[in-house]
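Just so it is clear, none of the values below were taken in a lab; they were calculated from the coordinates. These numbers were taken from a predicted model, which means no experiment stands behind them. As a convention, Cβ positions derive from the backbone with ideal geometry for all residues, glycine included, and neighbour counts pool all protein chains shown.
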Amino acid sequence: MGGKTLSEKIIGEHCGRDVSAGEVVVVNVDLSYVQDGTGPLTVRRMIEMGIEKAHNPDKTIFYLDHASPSPRMELSNDHEFLRDFARKTGIILSDIGNGISHHVTLEKYARPGDIIVGADSHTCTGGALGAFATGMGSTDVAVAIALGKTWMRVPETYLVEVNGRLPKGVYSKDIILHLIGKITSNGATYKALEFTGDTIAGLSTAARSTIGNMAVEAGAKVGLFPPDGETRIFLKLMGREEAFRELRSDEDADFEKHIEINAEELEPTIACPHLVDNTKTIGELGKVKVDQVFIGTSCNGRLEDLHIAASILKGNRINRDTRVIVTPASRRVYLEALRDGTIETFVEAGALVTTPGCGACDGVHLGILGDGEVCLATQPRNFKGRMGDPNAFIYLGSPAVAAATALTGEISDPREVM
Amino acid sequence: MGKAWKFGDNISTDLIAPGRYFHLRSNLPELAKHVLEGARPEFALLVQNGDFVVAGENFGLGSSREHAPVIIRIVGVKAVLAKSFARIFYRNCINIGLPAITCNTDEIDERNELLLDMERGVITNKTKGEEITFPPLPPVMNRILQEGGLVAYIKNHKSLEI
């Protein structure tokens with residue numbers, strides 16, 4: 001019998017027996033969460049089921065991040081509904097301004113080897129710490145909250161091996177955009193992606209979380225990074241080193257596919273409207289004039305991302321015809337960026353900085369696009385109609401591309417301004 | 001029997017339940033007035049009870065918003081037929097009791113009259129006199145769908161045994 005993949009090991013631990021890809025099992029869930037867009041329906045499902053309490057309230061979180069703060073009375077009422085239910089049940093409330101669910105989960109809650117379910121597709125961000133973290137709908141998460149369990153099919157694994165030194169101006173965002181362009185938006189549907197190789201080993205947890213976050217954009221269930229020394233350093237920095245454990249796939253595990261990427265050949269990469277797999281290298285793109293630049297989100301709103309963007313903007317002024325919006329991923333990121341002068345750099349350059357949260361990405365507030373407008377965003381997704389008017393155009397790129405674009409007013413190669 | 005509404009590949013949840021109506025998520029009948037607006041603006045107005053959504057690859061990619069399949073069901077759609085589904089959307093359909101059928105949809109044209117037989121795994125295209133077979137759902141999903149969705153399943157069984 002062959003060895004086990006990381007996914008098989010984690011799922012096996014949570015159902016009390018050895019499992020292999022393809023089996024359908026019931027697992028214990030370590031952490032469940034919802035956000036303000038999916039949470040109200042989750043609570044209504046719990047009420048319909050007749051279970052108005054959490055199996056483990058200390059391991060259940062309601063995040064108010066999609067409308068932060070609420071721009072409409074309907075959403076204010078949704079927020080009150082969630083706050084009230086959290087109060088009654090002892091569920092943890094992460095209120096407006098605390099930050100995006102996926103990033104705050106990395107900072108405070110996710111542990112290597114956990115099973116995490118969230119009512120948000122980008123829950124797979126937790127894979128950056130080696131947690132089997134996956135997005136589900138409101139009803140599935142209602143069951144996970146109420147019973148502490150969910151069912152799942154053990155996924156086959158695609159091993160993505162990235163080797164070589166990343167060239168100047170090329171980042172983890174370019175790795176994942178390149179991968180999705182290569183395998184397409186449903187190239188990994190139902191599969192686990194597991195990332196390995198010396199490039200990955202050299203990435204920070206923040207950079208890994210950009211990749212893990214976008215695993216779902218290839219259809220994957222999870223995007224896993226075997227926890228290593230970097231994971232331990234991150235957890236220590238967050239004051240919870242005790243959560244660390246080592247965990248990896250066996251040498252002889254059965255991987256369904258092995259995808260190799262040479263990092264040295266990568267270039268700044270852009271996803272063009274209206275699908276994430278519609279990628280081009282910056283050299284292939286041609287001239288694209290931009291109305292709005294948006295830096296933030298669960299994909300690229302971390303301190304490291306803000307530092308990269310600020311280093312390009314420092315001492316410069318943004319293009320007079322371009323709006324630049326910066327939304328830190330969490331209160332912690334916001335505070336650190338305030339203290340180290342990063343926020344000052346943005347504001348001096350002519351950008352505006354908003355409350356931590358999902359920001360403009362979800363099309364609810366803080367930078368909704370109008371008819372025909374073009375946006376370059378660091379977010380994970382560019383579907384038609386996502387950020388407001390259905391006739392707007394969304395391009396995706398790294399924080400460095402975003403900052404370079406902010407200076408020139410058209411989508412630009414960061415290597416030319418660094 | 002109901003008629004087919006054809007859609008292409010990669011119909012995202014942002015096309016099914018656009019973010020600009022985010023504030024209507026706790027008012028599902030209102031949200032349903034905009035169902036699939038991003039892909040076919042006339043759909044919500046003209047769809048009739050018992051009709052079918054018929055699409056290509058990767059239907060429902062994107063967000064986990066269960067509101068997307070819920071509003072497809074609210075307007076009376078009998079089932080969604082697609083060549084393939086995005087993972088979260090597929091699970092959401094079954095959980096809310098909306099059949100999501102993976103099958104070859106190439107031969108179904110706009111407004112064809114369709115009849116669905118879940119037990120036999122057959123879609124009959126009355127307009128063309130053709131039958132399309134489809135594989136059964138995974139057993140656990142089939143049971144959840146048979147019992148009317150995951151809420152009903154949990155109420156019936158008082159636990160999550162599969």
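A few remarks follow.
- Condition check for A:Thr139: crowded, with 23+ Cβ neighbours inside 10 Å, of a type in the set (S, T, N, Q) and under 18 Å from the mean Cα position of the chain (by Cα): no
- For region A:92-126, the candidate set comprises residues that are of a type in the set (Val, Ile, Thr) and outside any loop (DSSP other than H, G, I, E, B); within that set, the residue that is farthest from the chain's Cα centre (by Cα) is A:Ile92.
- So A:Asn278, is it more than 18 Å from A:Asp413 (Cβ to Cβ) and surrounded by 16 or more Cβ atoms within 10 Å (Cβ to Cβ): yes
To keep it simple, each residue is scored yes or no on (1) touching a residue at least 12 places away in the same chain (Cβ under 8 Å); (2) crowded, with 20+ Cβ neighbours inside 10 Å; (3) farther than 17 Å from A:Ala133 by Cα.
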position	(1), (2), (3)
A:Glu23	yes, no, yes
A:Val27	yes, yes, no
A:Val34	yes, yes, no
A:Gly37	yes, yes, yes
A:Met46	yes, yes, yes
A:Gly50	no, no, yes
A:Pro57	yes, no, yes
A:Leu64	yes, yes, yes
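- Hits in region B:103-162 (condition: over 17 Å from the mean Cα position of the chain (by Cα) and among the small types (Gly, Ala, Ser)): B:Gly129, B:Ala152, B:Ser159
- Selected residue (criterion: farthest from the other protein chains (Cβ to nearest Cβ)) from residues of region A:127-140 that are part of a helix (DSSP H, G or I) and among the small types (Gly, Ala, Ser): A:Ala128
- Among residues of region A:203-227, those that are away from every other protein chain (no Cβ under 14 Å) and not basic (Lys, Arg), counted: 13
- Selection count, region A:141-156, where residues are out of contact with any strand residue (DSSP E or B) (no Cβ under 6 Å at 6 or more places or on another chain) and part of a helix (DSSP H, G or I): 4
- Per the listing A:Ile180, A:Ile211, the residue uniquely surrounded by 21 or more Cβ atoms within 10 Å (Cβ to Cβ), outside any strand (DSSP E or B), more than 14 Å from the chain's Cα centre (by Cα) and among the β-branched types (Val, Ile, Thr) is A:Ile180.
- Looking across region B:108-127, the residues that are touching a strand residue (DSSP E or B) at 6+ places or on another chain (Cβ under 9 Å), of a type in the set (D, E, K, R) and part of a loop (DSSP other than H, G, I, E, B) come down to B:Asp109, B:Glu110, B:Arg111, B:Arg120, B:Lys126.
Yes/no matrix, rows are residues, columns are (1) among the small types (Gly, Ala, Ser); (2) more than 10 Å from chain B (Cβ to nearest Cβ):
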position: A:Cys358; (1), (2): no, yes
position: A:Asp362; (1), (2): no, no
position: A:Leu366; (1), (2): no, yes
position: A:Gly370; (1), (2): yes, yes
position: A:Glu373; (1), (2): no, yes
position: A:Ala377; (1), (2): yes, yes
position: A:Asn382; (1), (2): no, no
position: A:Gly385; (1), (2): yes, no
position: A:Asn391; (1), (2): no, yes
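- Selection count where residues are crowded, with 17+ Cβ neighbours inside 10 Å and not in a helix (DSSP H, G or I), scope region A:289-315: 9
- Put simply, of B:Ile144, B:Ile154, B:Ile132 the only residue that is more than 14 Å from chain A (Cβ to nearest Cβ) and buried (at least 17 other Cβ atoms within 10 Å of the Cβ) is B:Ile132.
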